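Asker: Here it is: the structure, laid out below.
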Amino acid sequence: MAEHYEEALARADSLIKNTSEDENGCLVTDTTSPRKTRFRGHQLPAYRFVYCVFLRAVIGGDEVIRHRCHNRLCVNPAHLVVGSKADNKRDDWDYWANGVDYDYL
């Protein structure tokens, strides 16, 4: 990805610019489900792409991008963290029991 970083960064910037900020600081897309993006022949969720580009992260297929804000339309890199599917499920349970932890935002 190093040789395509500038292209990826331009695409990620474009995704961020086409969002609106909500009251929680989420940068949300104008879609009803998580936006997808295609880059160099691969389609993936926009939030995963934005996270990997801005943090220069290479994450495995068994890892997921967790939304600390619990808003799947959010592409704000500050609200995203990598983890396992089990971590993501624990986040869901905690959210259902306690709501959003605004200390993370």
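Asker: Run the reach check for K17 against lysines, Cα to Cα strictly under 19 Å, same-chain hits fewer than 8 apart removed. What comes back?
Answerer: K36
Asker: When the helix-only estimate is applied to the chain (DSSP H runs of n ≥ 4, each -39,500 (n - 2.57), divided by the residue count), what is the mean residue ellipticity at 222 nm, nearest 500 deg cm²/dmol? Let's see the in-between values first.
Answerer: Values: 3 runs with 36 residues, N = 105.
The per-residue figure over the chain is -10500 deg cm²/dmol.
Asker: For the pair D94 and T32, how long in nm is the line joining their label points, each one 7 Å along Cα→Cβ?
Answerer: Rounded to a tenth, the inter-label distance reads 3.1 nm.
Asker: Taking 7 Å along the Cα-to-C-beta vector as the label spot, tell me the H42-D22 distance in nanometres, rounded to one decimal.
Answerer: Going from the H42 label point to the D22 one covers 2.8 nm.
Asker: Taking amide H positions as placed in the peptide plane 1.01 Å from N, state which residues far from V82 in sequence (5 or more) or on other chains have amide H under 5 Å from it.
Answerer: Hits under the 5 Å cutoff: R66.
Asker: Along Cα→Cβ, 7 Å out, is where each label goes; now give me the distance between the ones at L9 and I59 in nm to one decimal.
Answerer: So the two model labels end up 2.1 nm from each other.
Asker: For the stretch 80-89, what does the Karplus curve 6.51 cos²θ - 1.76 cosθ + 1.60, with θ = phi - 60°, yield as ³J(HN,Hα) per residue in whole Hz, taken in order and with x for Gly and Pro?
Answerer: Taking θ as phi minus 60°, the curve returns 10, 8, 7, x, 8, 4, 5, 4, 5, 5 Hz for the stretch 80-89.
Asker: Further question: If you line up the Cα atoms of the chain on their principal axes, what length do they span on each, largest first, in Å?
Answerer: Extents along the principal axes, in whole Å: 44, 30, 23.
Asker: By how many degrees, 0 to 90 and rounded to 10, does the Cα axis of helix 5-17 deviate from the longest principal axis of the chain?
Answerer: 50
Asker: Right, another one. Under the rule of at least 5 residues apart or a separate chain, name every residue whose amide H is placed under 5 Å from the amide H of K36.
Answerer: Correct list: A46.
Asker: Cysteines of the chain lacking any other cysteine beta carbon under 4.7 Å?
Answerer: C52, C69
Every read-out reported here was derived from the displayed coordinates using simple, explicitly stated rules and does not represent laboratory data. It should be emphasised that the depicted structure is a prediction, and the values quoted were computed from it without experimental measurement. We place every Cβ from the backbone using ideal geometry, glycine too, and count neighbours over all the protein chains shown.
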